1. Taking a probe of 1.4 Å, how large is the accessible area per residue of the chain, in Å²?
2. Would you rank His20, His131 by solvent-accessible area, highest first, keeping every protein chain in place and using a 1.4 Å probe?
3. So how much slack lies between Lys110 and Lys74, counting 0.36 nm per residue of separation and subtracting their Cα-Cα distance, in nm?
4. Roughly how many debye, to the nearest 20, is the charge dipole of the chain about its Cα centre, given +1 on each Lys and Arg Cβ, -1 on each Asp and Glu Cβ, and no other charges?
5. Consider a paramagnetic label point 7 Å from the Cα of Lys3 along Cα→Cβ; state which residues of region 58-94 have an amide N under 20 Å from it.
6. Set the Förster distance to 35 Å, then compute FRET efficiency between Thr48 and Phe132 from the Cβ-Cβ distance, nearest 0.05.
7. I'd like to know which of Val109, Val63, Pro49 lies farthest towards the positive end of the charge dipole of region 45-110, counting +1 on Cβ of Lys and Arg and -1 on Cβ of Asp and Glu.
8. Given the convex hull of the Cα atoms of region 1-58, what is a quarter of its surface area in nm²?
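The values are calculated or read from the model by the stated rules, or taken from the named source; none is laboratory data. These figures come from a predicted structure and were not determined experimentally. Here the Cβ is made from the backbone with ideal geometry for all residues, glycine too, and neighbour counts use every protein chain on show. Each accessible area value is taken on the protein alone, full model and side chains, heavy atoms only, with ligands, DNA and RNA left out. Shrake-Rupley method; radii C 1.70, N 1.55, O 1.52, S 1.80 Å.
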Amino acid sequence: MKKNGILNSHISKILSDLGHTDMIAIADAGLPVPEGVLKIDVALKLGTPSFQEVVELIAEDMVIERVIVAEEIKEDNPEALQFVTDKFGNDAIDASINHEQFKALTRQVKAVVRTGEATPYANCILQAGVHFG
């Protein structure tokens, strides 16, 4: 049994298999998951676990160079935008696409981790960086 890090075997496996520029999505409870994309559902009930909690845990185990969010997050969920900006830095945040484009981009992710989050646009795509040390 693992002693540290993420215990969810599906998430742990996905993170171990990521290469540079590969992407995963962290999604609220309502984001549709495209057919053929792995869905790792960790939702227990509305709000649990939260978007923030899942992003925090994944960020402990993943090298992240870019965070993609839908531009609607700016007006409709500024708290979630502030969280990812504080966590990853303003330079890492890409809010240049709308929600429909964001959903289309999820077709390219390795997996969607579905949380219990119940606030609008609490979704992000994490692009893997590279760790050489």
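1. For the chain, the per-residue accessible area is 56 Å².
2. Ranking His20, His131 by accessible area, largest first, yields His131, His20.
3. So the chain would gain 10.4 nm between Lys110 and Lys74.
4. Using only the charged Cβ atoms, the result is roughly 580 debye.
5. Inside the label zone: 60-62.
6. 0.45
7. The listed residue farthest towards the positive side: Val109.
8. 4.9
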